[in-house]
Amino acid sequence: MKLRIAIQKSGRLHEDSIKLLKECGIDINNGVNKLKTEATNFPLEVFFLRDDDIPQYVEDGVADLGIVGENVVLEKNRPLRTIEKLGFGKCRLAMAVPKAMQYNSIRDLQGQRIATSYPVIVNEFLKKLDIQAEIHEISGSVEIAPGIGLADAICDLVSSGSTLFMNGLKEVETVLRSEAVLVSNDKLSPEQQQLLAKLLFRIQAVKKAKN
Ligand code: PRT
Ligand code: ZN
């Protein structure tokens, strides 16, 4: 009996996910092109996936656990259990508009075109505020949309803010604060739940040691 955990194959969460497992005393050898690998000293199998695919794999029970950004968990809107915030991959999903635009409140987005890779979260956010806007889903380089006339505003992930700045945009609203989280499904066997408790105990110890 073992646990299967899905982590990002490459990208912003990859290194920190591996590092967390290492800090938990779990040794894995991660070859660059591998799809999966096994820990040598803990009953854990690690799958390397695109972050967007992780919620589905965990929901379907192909993996028992996943490490993924809360932003992805919420956007995919799958019935997953968030077990623990992991303290890395911190960012915010924010609305931004051209620097020259007069912006006073969220009301200024009424009737505007908003480009984003997070249509589900943005829709929900605007609905709560009773703002009607046209959401244009684009998968990458969202920050160039206003400059090429595709949108009036964007909603994208921000960490340092330099991407917005370089594209002549200013941040005007925080839609969501996000960080990497450990998620699971409801299909774990009692033995797997015990393994998860053991893993979680170690993760919490690692987090405590950093505070
Ligand atoms: O290939 P795969 O699909 O797995 O990866 P990906 O390209 O979809 O995701 P990736 O690796 O870019 O990001 C993975 C996760 O890291 C995200 O889902 C977030 O939870 C988290 N994260 C943290 C970020 C950022 N910070 C971040 N700054 N994800 C993306 N960005 C991008 C943002 O989209 C924008 O283009 O960085 C740019 C802004 O950064 P600043 O520093 O200029 O503000
Ligand atoms: Zn992705």
Among the strands (runs of 3 or more DSSP E) contained in segment 98-198, which hold 2 or more residues that are closer than 23 Å to GLU70 by Cα and either touching a residue at least 40 places away in the same chain (Cβ under 8 Å) or among the small types (Gly, Ala, Ser) (or both)? 113-116, 153-158, 169-178, 180-184
Condition first: part of a strand (DSSP E or B), more than 16 Å from LEU182 (Cβ to Cβ), within 16 Å of ligand 1 (Cβ to nearest atom) and in contact (Cβ under 8 Å) with a residue 12 or more places away in the chain. Can you find one or more residues in segment 79-88 that meet it? no
Subset tally (residues that are charged (D, E, K, R) and within 16 Å of VAL183 (Cβ to Cβ)) for segment 31-73: 8
LEU109 fails exactly one of (1) modelled with pLDDT of 95 or more; (2) closer than 26 Å to PRO43 by Cα; (3) not basic (Lys, Arg), namely (2)
Report the residue count in segment 3-15 for those that are surrounded by fewer than 17 Cβ atoms within 10 Å (Cβ to Cβ) and near ligand 1 (Cβ under 10 Å from one of its atoms). 4
LEU20 passes all but one of (1) in contact (Cβ under 8 Å) with a residue 60 or more places away in the chain; (2) closer than 30 Å to GLU137 by Cα; which number fails? (2)
Just a yes or no: is a residue in segment 51-74 surrounded by fewer than 19 Cβ atoms within 10 Å (Cβ to Cβ), among the polar types (S, T, N, Q) and within 14 Å of ligand 1 (Cβ to nearest atom)? yes
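The values are calculated or read from the model by the stated rules, or taken from the named source; none is laboratory data. This is a predicted model, so every value here is computed, not measured. All Cβ positions, even for glycine, are placed from backbone atoms using ideal geometry, and neighbour counts span all protein chains on display.
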